[in-house]
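Colleague: Take this structure, written in C-alpha cells, and hold onto it; I'll ask about it next.
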Amino acid sequence: TGIPLLRLPGDVFFPEDNIYDSSSDTFWLHSHCKPGESKGTLQMLEALFILVRRDIDIKMKVHWGGRNMKEHTKRTSELVLGNCVVNKEYVPHWRIGESIRSCHLGLFLENRFSIGFHTPGVPYEYWASGRPIVISREIVEKSHIKPYVIEGSNSFIVESSPIDPDELAEVIIKAMSVVERGDGFKTDVDASLMSLGKRHELSVFLEKITS
C-alpha cells in the first residue's frame, strides 16, 4: 500500500542540503508550487533574469515538477539561468520547513488563479519557518491570509495582475534590503502567528515551531 519507496528520490529521507553558505554574498530565493501561468512561475524566471542582468548576486531554489516543466526548463535555458535556478523537484511535507530555512526569501504568487475559493496555506509555512515572503495582492486579499500580513516585514506585495516581472523584480529588491538589514522580522511574525494559533487553539504548536 502507499507509494513504493523505489519511486521516491533516493535522498528523500535524508536532511536537506543547506544550499546557501551564510558566509557567501549570494541571496537565495525559494519557491515550491506547481509551476504554471496561474502561479506566476514564468514571471519569477523573468524577474530573476532582470536581477541577474543588473549584476545582483542572486539565485533561486525551487521545488517544481509536473506537466509544465518542459516549458519552464526551456525558458530557463533561453534566459541563460541554468546556474541560477536549482530545481530540487519533489520535497516531502515534513521537509518543507527545512528547505525554506535554507534560503532567505520565499516567492508565492497567484496570477489570476481560476479557483476563487482556493485557500493556500503556503504563506504560513514561510512565516512559521522565520522567512518573509513575496506574495501577490490576489493572495493577500484572501480572508484567511490578510489578517496576518505585515507589509514590509513578513510580506512584500506584488500589486500587478497579471504579474509584471519588472514590478516583481523591484519588490524582490525591496525585500532583499529588509532581509539583509535584519529589521526584526522574526518578532513580527511570531506575534502574527501566535495570534493565528490562539484563534485556532494551536498556540502551543505554533510556539514550538517558531521558537
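The values are calculated or read from the model by the stated rules, or taken from the named source; none is laboratory data. Since this is a predicted model, take the numbers as computed values, not measurements. With ligands, DNA and RNA removed, areas are computed over all heavy atoms of the protein, side chains included. Shrake-Rupley method; radii C 1.70, N 1.55, O 1.52, S 1.80 Å.
Colleague: Compute, for Asp164, the solvent-accessible surface of its heavy atoms (probe 1.4 Å) with the complete set of protein chains present, and express it in square angstrom to the nearest 10.
Modeller: Estimated to the nearest 10 Å², Asp164 gives 60 Å².
Colleague: More than 14 angstrom separation, counting every C-alpha pair in the stretch 29-82; what % is that? Present the calculation step by step, with values, prior to reporting the outcome.
Modeller: Numbers: 707 of 1431 pairs.
The share of Cα pairs beyond 14 Å in the stretch 29-82 comes to 49 percent.
Colleague: Also: Could you pull out every residue, at least 5 positions away or on a different chain, whose amide H is within less than 5 Å of the one on Gly40? Hs are placed 1.01 Å off N in the peptide plane, and Pro or chain starts have none.
Modeller: Asn111
Colleague: Roughly how many Å is it from the Cα centre of the stretch 60-77 to that of the stretch 24-46, as a whole number?
Modeller: Using only Cα atoms, the two centres lie 9 Å from each other.
Colleague: Just list whichever of Lys34/Lys74; Lys59/Lys146; Lys39/Lys174 have alpha carbons separated by over 27 Å in the model shown.
Modeller: Lys59/Lys146
Colleague: What does the extension gain come out to for Lys70 and Ser143, with contour length at 0.36 nm per residue minus their alpha carbon separation?
Modeller: Extending this stretch completely gives an extra 22.8 nm.
Colleague: Leaving out ligands, DNA and RNA, what percent of the accessible area of the stretch 71-146 is carbon and sulfur, probe 1.4 Å?
Modeller: Carbon with sulfur: 53 percent of the solvent-accessible area.
Colleague: Just the accessible area per residue of the stretch 67-173, please: how many Å² with a 1.4 Å probe?
Modeller: Normalised by residue count, the accessible surface of the stretch 67-173 is 47 Å².
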